[in-house]
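What follows is a set of notes on a single structure, which appears directly below.
The values are calculated or read from the model by the stated rules, or taken from the named source; none is laboratory data. This structure is a prediction, so every number in the text was calculated from the model and none was measured. Neighbour counts run over all protein chains shown; Cβ positions are idealised from the backbone, glycine included.
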Amino acid sequence: MRVELPPEPVHFVNRDEERERALGAVSQWRSRSRPLVVALSGSGGLGKTELAGLIARALLDRRTFTDGVLSVDLDDFRADGVLDPGDVLSQLLHSLDVAPDQVRAPYAARCRQYWNRTSEAKLVLVLDNARYASEVVPLFPASGGSVVIVTSHGPLHDLEAGAAVDLALPPLEERAAVELLELIVRDDRLAADPEAARAVVRLCDGLPAALHVAGRWVRTHRLRPLSRILTDLQAELEEKGVSGVEHIWDAAYEDLSRPAALLYRLLPHHPGETFTLHSAVALSGLEAEDCQDALEELDRAGLLDLRLLSLTVAGQMRLPGPQRGHALRRSRREEGDAGGVVDEAQARLLRWFVRQAQLADRFAAGRRLTVVDLFDPVPGVPDVPLADPEAAGEDGSRGGRAERAERAEQAERAERAARWLDEERHVLFACSRLAHGRGMDAEAVALSEPVWTHALDRPHQSEVVEVFRRAVDSAVRHGGNAAWLVRTRCQLARPLWESQRLSEAQEQIDGAMSALELLGDSERDRKLAASVLEHRGMLKGARGEWGAARDDFSGSRDLHRAIPNPYGVLLQTYRMGEAAANAGDLEMARRLLSEAHTGFVERKRERLIGRSAFALAGALHRLGRAEEARELYLRSLAQADKRRSGFDLARVHDALAELDAAEGDLAQAEEHRTAARNLRRGNGLL
């Protein structure tokens, strides 16, 4: 029996599911004249070749495949990237004991000779490093008693009809990656400093080949702490890449078309770790269809895995860390990509992304005060397909079922926009950093508005503070727009006082008050003046000065009435109700909060419907009207759940726990407390 397999890998973890699927498919295969095909695909360095060998050995152990295992690395037969299947057939016939002088010369005759030789065979054939299905189909044995295991960097789409099992290998999850690193190294430093060990694993981004490189570094430097090794390893991977894999990625890159190669070089310059089809179009400057083709080409080349595409509103994709490093190195080698091409691509992407974030912000939060006008469309780059909730009922339909359907459609559109903002928040934060660093002050200020909408439902994020701080710096650096100064300082003040940095928050409010003197008398400027008073009142509330806070809210409401701005009047009525409740004037709080809640419902302001319901419920509970309070708490809970606001969900569960405990339902109260704790833990709010 011929067995053309290398020794088993010393360390191999995970992939149990893939092995079970492959072996299960073999057990169920019933064809008499066509072999089962197991296709393993994924980026270089994921362990496809090793897994193929392990599956082949497991099949040999069953003693069914009596003709053994044949193995061919197709890259060994390529000339200038082109494979001649006839050469591979000659090698396979030689492995099947056909003498070289007996191998038929014409290709068609050689195929018939191979099929005749394998028609009754029971063998396992491993074909490594395939690029196209057309390369491997002529190599299939003509026997249903055989199994073919094909590995490729990208999916072989035109092989799907003949592949009984198609397995795309994802990167290792963190737990499995840590296990592999521990097997490679067996070093007490990993257990002594688990956070540094996880940092090493995250740097490798689930790529086994990169973990082996990291393991060699740890074994080589026995005296260095892991924190120092981490820094040196990161520099090594960025400069030289992953040994044993870099040449595979280089070869795949060299075969790319010009548009796909351009896109690959630009992707590591995309802000944040993820990108989408739409942002790739903006970054590359390609036409939308050309960009789609380029992404599919990268997928086929094994330089991107579209099957791992996130199931999100945005449709996010990413390059794993080591592969992102390879793309960056290729970018630096190409003349011009380190300068003008990248600068132009990033500027175009920033302008496009600001517009998308502005649209998503408006669709999610409704029309409100902003200080940067909507950016113009970027020529040739379509907007993200998010629908304006206000356009849902433009046909004028009214009454009963039609009106309810219209409101449901509006709510769904607003929720989709809010989800887009949440999913793209890391790109949003990265774009803020990039815009500020490039001196694009209008973009940096504009991006603070969608972050404001995002942060209202998800407070206490350190990155949010930095976005607002950069916006203030950009407004100061620009120096020519007082509205920017007022708005950004108010934005920054809020997360500062929410984290009890009251003195810093006061400095920002004082700066905003000073900048008011530079404003004019336009409607927007008058709204800004009212907004500063509101923020000053909220800071006083954070200090517990509720009487003084109510005075500021009342003054802000008067300004809104004079504009007139009915929404602003409602918002300040709500603020006054909260202040009255905190000051102990419960009947006044009930009256003000009822008025505000009714107005928010009429205006379909989803977030404030939920929050005013929560505040009103609290006042009613303290007034002894528990059933009314419970109904409003449940309404607030539903609104918070729609917005995926962990902060609001947790505090509503706390309030319901208090209500249940007061009524003697201790078991239900404990369920609500547990839900609140889990929400805070899951959202980093503990």
Quick check, is Arg630 in a helix (DSSP H, G or I), closer than 20 Å to Leu421 by Cβ and either assigned by TED's automatic domain parsing to the domain that holds Thr674 or among the basic types (Lys, Arg) (or both)?
-> no
Within the stretch 547-566, the residues that are surrounded by fewer than 19 Cβ atoms within 10 Å (Cβ to Cβ) and not in a loop (DSSP other than H, G, I, E, B) are Gly547, Ala548, Asp551, Ser554, Gly555, Asp558, Arg561, Ala562, Pro566
Would it be correct to say that Ser43 is modelled with pLDDT under 90, small (Gly, Ala, Ser) and in contact with a Gly (Cβ under 6 Å, 6 or more places away or on another chain)?
-> yes
Answer yes or no: is there a residue in the stretch 558-567 that is more than 30 Å from Leu620 (Cα to Cα), in contact (Cβ under 8 Å) with a residue 24 or more places away in the chain and not basic (Lys, Arg).
-> yes
The one condition in (1) more than 22 Å from the chain's Cα centre (by Cα); (2) of a type outside the set (D, E, K, R); (3) not in a helix (DSSP H, G or I) that Pro271 fails to fulfil = (1)
Any hit, the stretch 646-660, residues being loosely packed, with under 14 Cβ neighbours inside 10 Å and either in a helix (DSSP H, G or I) or among the acidic types (Asp, Glu) (or both) = no
Just one of Arg543, Arg550, Arg536 is outside the structural domain of Ser612 (by TED's automatic domain parsing), under 26 Å from Arg622 (Cα atoms), of a type in the set (D, E, K, R) and under 40 Å from the mean Cα position of the chain (by Cα); which is it?
-> Arg543
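Residue-by-condition table, conditions (1) closer than 29 Å to Ser152 by Cα; (2) out of contact with any strand residue (DSSP E or B) (no Cβ under 9 Å at 6 or more places or on another chain); (3) surrounded by 12 or more Cβ atoms within 10 Å (Cβ to Cβ):
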| residue | (1), (2), (3) |
| --- | --- |
| His221 | no, yes, yes |
| Ile229 | no, yes, yes |
| Leu233 | yes, yes, yes |
| Glu238 | yes, yes, yes |
| Gly241 | yes, yes, yes |
| Glu246 | yes, yes, yes |
| Trp249 | yes, yes, yes |
| Asp255 | yes, yes, yes |
| Arg258 | yes, yes, no |
Exactly one of Leu70, Leu83 is modelled with pLDDT of 90 or more and within 18 Å of Val137 (Cβ to Cβ), and that residue is Leu70
For Arg34, are the conditions met, namely being part of a loop (DSSP other than H, G, I, E, B) and either over 30 Å from Leu298 (Cβ atoms) or under 36 Å from the mean Cα position of the chain (by Cα) (or both)?
-> yes
When every residue in the stretch 389-402 that is of a type outside the set (Asp, Glu) and in a helix (DSSP H, G or I) is compared, the one modelled with the highest pLDDT is Pro389
Under 7 Å by Cβ, and 6 or more places apart or on different chains, what pairs join a residue from the stretch 68-84 that is surrounded by 12 or more Cβ atoms within 10 Å (Cβ to Cβ) with one that is at pLDDT below 85?
-> Gly68/Met1
Residues (over 24 Å from the mean Cα position of the chain (by Cα) and buried (at least 16 other Cβ atoms within 10 Å of the Cβ)) located in the stretch 369-392 = Leu369, Thr370, Val371, Val372, Phe375, Pro389, Ala392
Hey, does the stretch 446-453 have a residue that's among the aromatic types (Phe, Trp, Tyr) and under 17 Å from Gly272 (Cα atoms)?
-> no
Please work out which residue is farthest from Leu421 (Cα to Cα), limiting yourself to the stretch 591-617 and to residues that are surrounded by fewer than 22 Cβ atoms within 10 Å (Cβ to Cβ) and either over 37 Å from the mean Cα position of the chain (by Cα) or without any contact (Cβ under 8 Å) to a residue 24 or more places away in the chain (or both).
-> Arg591
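Filter the stretch 315-333 for residues that are without any contact (Cβ under 8 Å) to a residue 60 or more places away in the chain, under 21 Å from the mean Cα position of the chain (by Cα) and assigned to a helix (DSSP H, G or I) and give the result.
Across the stretch 315-333, the qualifying residue is only Arg324.
Do we have any residue at all in the stretch 598-605 that's at positive phi and either in contact with a helix residue (DSSP H, G or I) (Cβ under 7 Å, 6 or more places away or on another chain) or assigned to a helix (DSSP H, G or I) (or both)? Spell out how you get there, then give the answer.
Of all residues in the stretch 598-605, those at positive phi come to 604.
Filter again for either in contact with a helix residue (DSSP H, G or I) (Cβ under 7 Å, 6 or more places away or on another chain) or assigned to a helix (DSSP H, G or I) (or both), leaving 604.
Scanning the stretch 598-605, I find at least one residue that is at positive phi and either in contact with a helix residue (DSSP H, G or I) (Cβ under 7 Å, 6 or more places away or on another chain) or assigned to a helix (DSSP H, G or I) (or both), so the answer is yes.
To keep it simple, each residue is scored yes or no on (1) under 13 Å from Ala282 (Cβ atoms); (2) at pLDDT 95 or above; (3) out of contact with any Ser or Thr (no Cβ under 6 Å at 6 or more places or on another chain); (4) in a loop (DSSP other than H, G, I, E, B).
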{"position": "Glu335", "(1), (2), (3), (4)": "no, no, yes, yes"}
{"position": "Arg351", "(1), (2), (3), (4)": "yes, yes, yes, no"}
{"position": "Arg355", "(1), (2), (3), (4)": "yes, yes, yes, no"}
{"position": "Arg367", "(1), (2), (3), (4)": "no, no, yes, yes"}
{"position": "Pro377", "(1), (2), (3), (4)": "yes, yes, yes, yes"}
{"position": "Ala387", "(1), (2), (3), (4)": "no, no, yes, yes"}
{"position": "Ala411", "(1), (2), (3), (4)": "no, no, yes, no"}
{"position": "Ala418", "(1), (2), (3), (4)": "no, no, yes, no"}
Would you confirm whether any residue within the stretch 237-254 is without any contact (Cβ under 8 Å) to a residue 60 or more places away in the chain, hydrophobic (A, V, I, L, M, F, W, C) and not assigned by TED's automatic domain parsing to the domain that holds Arg324?
-> no
Restricting the stretch 553-572 to residues that are of a type in the set (S, T, N, Q) and closer than 13 Å to Gly537 by Cβ, which is nearest to the chain's Cα centre (by Cα)?
-> Gln572
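Quick grid of which residues meet (1) among the small types (Gly, Ala, Ser); (2) at pLDDT 95 or above; (3) outside any helix (DSSP H, G or I); (4) over 30 Å from the mean Cα position of the chain (by Cα):
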| residue | (1), (2), (3), (4) |
| --- | --- |
| Thr453 | no, no, no, no |
| Val472 | no, yes, no, no |
| Ala483 | yes, yes, no, yes |
| Gln491 | no, yes, no, no |
| Gln500 | no, no, yes, yes |
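Please pick out the residue among Ala430, Ala411 that is surrounded by 15 or more Cβ atoms within 10 Å (Cβ to Cβ), within 27 Å of the chain's Cα centre (by Cα) and under 18 Å from Arg603 (Cβ atoms). Write out each step before concluding.
Details: Ala430 fails: under 18 Å from Arg603 (Cβ atoms).
Criteria check complete, one pass: Ala411.
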